[in-house]
């Protein structure tokens, strides 16, 4: 019994490290969501693999980043002052950027896909 337990304690971490080093667990990207502008705005959104957040009033500028796998990343802004911009960057490259409309609203999104470069992903 002791031999099996010891093997499991060693094999599982080694196997997990080997899988991630070989990229068998999938491609990942560093995604940053930003809202720049004066004052504050309601901000909502979510990274791929996570639930979207409820709109909350945030002091601007606002930023949040995560390392994510494939999927949809979205950011929405409301009740923002003129000139406010939402932006999603992937691995340091701007993929989606929108300035608020007359009503103070904007939406940015990026759909990261396995095997595709971020600039070739669907964004808006």
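The values are calculated or read from the model by the stated rules, or taken from the named source; none is laboratory data. This structure is a prediction, so every number in the text was calculated from the model and none was measured. Here the Cβ is made from the backbone with ideal geometry for all residues, glycine too, and neighbour counts use every protein chain on show.
Sort through 107, 97, 102, 81 and tell me the only one that's farther than 24 Å from residue 27 by Cβ, part of a strand (DSSP E or B) and at pLDDT 95 or above. Even if it seems obvious, please write down each step before you answer.
Details: 97 fails: farther than 24 Å from residue 27 by Cβ; 102 fails: part of a strand (DSSP E or B); 81 fails: part of a strand (DSSP E or B).
It is 107.
Within the set of pairs 6 or more residues apart or between chains, which connect a residue that is touching a residue at least 60 places away in the same chain (Cβ under 8 Å) inside the range 48-69 to a residue that is surrounded by 14 or more Cβ atoms within 10 Å (Cβ to Cβ) and in a loop (DSSP other than H, G, I, E, B) with Cβ atoms less than 8 Å apart?
Cβ pairs passing all conditions: 48/69; 48/70.
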